[in-house]
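Colleague: Sharing a structure here in structure tokens format.
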Amino acid sequence: MTRIRLPDRGEYRMSNPATFTPSSGPHRSRTVYAAAHVVADPATSHMGEAEARLDWDATMAFRRHLWSHGLGVADAMDTAQRGMGLDWPVTARLIRASAAEAGPGDRLACGVGTDQLARAEGLDRIVAAYEQQLEVVEEVGCVPIIMCSRALARTACGADDYVAVYGRLLRQVSRPAILHWLGPMFDPQLEGYWGADDLDTAAETLQRIIADNVSAVDGVKLSLLDADAEVRFRDGLPSTVRCYTGDDFNYPQLIEGDSRRHSDALLGVFDPLAPFASAALDRLDAGDGKGFRELLDPTVDLARAVFSSPTYHYKTAVVFLAWLCGHQRHFRMVGGYESARSLRHLSDVFVEADRIGLFPDPPEAAAKFASLLKVSGL
């Protein structure tokens, strides 16, 4: 039995790995995307780097891993460090590379934002920035995810400005887009998005945008970490518009749904949890809601550890787990964000991951984490 000495825990005995049969293709009962992280080039990525540098082979291999479990890939999202180290020129290359990597039947949706703007420069410039990114996503033929804009949050004078900007974008998409409501716990610069701090008031503006452009909207991803607010919102959506949960705390019950509706999913936590999510969705496809919850409910403690406050640093634990699970050969991140979480936090994540059997090779995972603790003086 593998043992490791952990900060503030003493000797810890590791669990056996969970084993699942890989899915044969996309799941039928729910449309599910995992928001994918990027793998940095460990020799060149550091804080203050003018341009992000990636290990492209490892980054593409991880997308193949997600597709192999029947999950869609949501790329160039906040999980890929948009606004936290991943600049637009490299993002555009990432979108094109992922589209080229996708095989027949592999779902791919990519983020469209305004992060190439150095500062807010008026609504017309914001729309033009969105359009530049939308052109790249449309060019490769994947689903656009229209992300929240820091520039728009700074510039908009009220709800009508959001309605005008999103209306201009949705009138020109060639395929239905996914809208994304990213709460301020994920990005404090998005406080008051849609023109209001109150969730229900903000939701009314977003519902208005959808109603005005319903044929151009595939769905809405809600990243609010508020299950009740999500249920209220999805119950008010037109029947043709999906609600993609981005709630990394309450996803099992939201995906299962109730007598009225369910949420589909676009989740950062499914980056590390792909095998578990896939196996649980297989059960849901077979009509086994109880079995779905039995597999997915135990993963929530790990999700809550990964996304604990400050939530926007969740990417550090996501990359940490990818390293420990053997998906990349190092624990380095674009912009040096591997240092954004404490070793005590990473120790908590390690334990919660081990408890559910996340590590395919527990001795290897223990040896890697022990090496990090040793070089850190622990």
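Colleague: Within the stretch 345-368, which residues have the backbone N less than 12 Å from the label spot 7 Å out from LYS374 along Cα→beta-carbon, could you tell me?
Modeller: Only 367-368 fall inside the zone, counting backbone N under 12 Å.
Colleague: What are the lysines whose alpha-carbon lies under 25 Å from the alpha-carbon of LYS374, with same-chain residues fewer than 8 places away excluded?
Modeller: Within the straight-line limit of under 25 Å, LYS374 reaches these lysines: LYS315.
Colleague: Right, here's the next one. Residues of the stretch 302-333 with amide nitrogen under 19 Å from the 7 Å Cα-to-Cβ point of ASP361?
Modeller: Taking a point 7 Å out along Cα→Cβ of ASP361, the residues of the stretch 302-333 whose backbone N falls under 19 Å are 319-332.
Colleague: From Cα pairs below 8 angstrom and at least 6 apart in sequence, can you work out the relative contact order of the stretch 114-182, rounded to a whole percent? Provide the component values of the computation, followed by the final result.
Modeller: Details: 67 pairs, mean separation 28.4, N = 69.
Relative contact order comes out at 41 percent.
Colleague: Measure nothing but the geometry: give the 0 to 90° angle between the long axis through the Cα atoms of 159-170 and the longest principal axis through the Cα atoms of the chain, rounded to 10°.
Modeller: Helix 159-170 sits at roughly 80 degrees to that axis.
Colleague: Let me ask something additional. Could you work out which residue, out of LEU108, LEU123, LEU86, moves most in a Gaussian network model of the chain, that is, has the largest mean-square fluctuation with Cα springs under 10 Å?
Modeller: LEU123
Colleague: Name the long-range amide H neighbours of LEU54: under 5 Å, sequence gap of 5 or more, or other chain; modelled H, no Pro or chain starts.
Modeller: HN-HN under 5 Å from LEU54: ASP41.
Colleague: Okay, moving on. So what's the angle, to the nearest 10 degrees on a 0 to 90 scale, between helix 199-212 and the longest Cα principal axis of the chain?
Modeller: On a 0 to 90 degree scale, this one is about 60.
Colleague: Still on this structure, please answer the following. Ignoring any ligand, DNA or RNA, what whole percent of the accessible area of the chain comes from carbon and sulfur when the probe is 1.4 angstrom? Before the final figure, lay out each step's value.
Modeller: Details: 6930 of 14860 Å².
Carbon plus sulfur share of accessible area: 47 percent.
Colleague: In addition: Take the Cβ-Cβ distance between GLU139 and GLU11 as r, set R0 to 51 Å, and report the resulting FRET efficiency rounded to the nearest 0.05.
Modeller: 0.40
Colleague: Let me ask something additional. Starting from the amide H of VAL73, placed 1.01 Å from N in the peptide plane, find each other amide H under 5 Å away whose residue is 5 or more places distant or on another chain.
Modeller: ALA34, ARG107, LEU108, ALA109
Colleague: Let me ask something else about it. Between ASP212 and ARG96, take the C-beta separation as r, use R0 = 30 Å, and let me know the FRET efficiency to the nearest 0.05.
Modeller: Values: r = 31 Å, r/R0 = 1.04.
The computed FRET efficiency comes out at 0.45.
Colleague: With a cut-off of 8 Å between alpha carbons and a minimum separation of six or more residues, what is the relative contact order of the chain in percent? Mind showing how you got there, number by number?
Modeller: On the way: 684 pairs, mean separation 81.7, N = 378.
Computed value for the chain: 22 percent relative contact order.
Colleague: Just order 246-256, 97-107 by mean Cβ neighbour count inside 10 Å, highest at the front, would you?
Modeller: Values: 246-256: 22.1, 97-107: 14.9.
Ranking, from highest mean packing down: 246-256, 97-107.
Colleague: Still on this structure, I have one more. Using label points projected 7 Å from each Cα along Cα→Cβ, tell me how many nm separate ARG232 and ASP57, to one decimal.
Modeller: Once both label points are built, they end up 5.2 nm from each other.
Colleague: What number comes out for the charge environment of PHE249, summing +1 per Lys or Arg and -1 per Asp or Glu over other residues with Cβ under 10 Å away? Working shown, then result.
Modeller: Values: positive: ARG304; negative: ASP226, ASP247, ASP248.
Here the charged neighbours net out to -2.
Colleague: Continuing with this model, one more query. Tell me the net charge near MET84. Cut-off is 11 Å between Cβ atoms, MET84 excluded, with +1 for each Lys or Arg and -1 for each Asp or Glu. Mind showing how you got there, number by number?
Modeller: Numbers: positive: ARG82, LYS315; negative: ASP78, ASP87, ASP115, ASP187.
Overall, the nearby charge balance is -2.
Colleague: Here's another thing I want to ask about it. Peptides 288-294, 366-372, 90-96: what's the order by average Cβ count within 10 Å, highest mean first? Mind dumping the intermediate values first?
Modeller: Values: 288-294: 14.7, 366-372: 17.1, 90-96: 20.1.
Ranking, from highest mean packing down: 90-96, 366-372, 288-294.
Colleague: How tilted is helix 343-355 with respect to the longest principal axis of the chain? Cα atoms for both, answer in degrees (0 to 90, nearest 10).
Modeller: Between the helix axis and the principal axis of the chain, the angle is about 80 degrees.
Colleague: Relative to the present Cα-Cα distance, how much length would full extension add between GLN116 and ARG175 at 0.36 nm per residue of separation? Please report the intermediate quantities before stating the final value.
Modeller: Values: separation 59, 0.36 × 59 = 21.24 nm, distance 2.35 nm.
My answer for the length gained is 18.9 nm.
Colleague: Related question: Modelled label-to-label distance, SER309 and ALA43, 7 Å Cα→beta-carbon offset: nm?
Modeller: Each label point is offset 7 Å from its Cα along the Cβ direction, giving 4.3 nm.
The values are calculated or read from the model by the stated rules, or taken from the named source; none is laboratory data. These numbers were taken from a predicted model, which means no experiment stands behind them. Positions of Cβ are generated from backbone atoms using ideal geometry, with glycine treated the same way; all protein chains shown enter the neighbour counts. When the accessible area is computed, the model is the full protein with side chains, heavy atoms only, and any ligands, DNA or RNA have been set aside. Shrake-Rupley method; radii C 1.70, N 1.55, O 1.52, S 1.80 Å.
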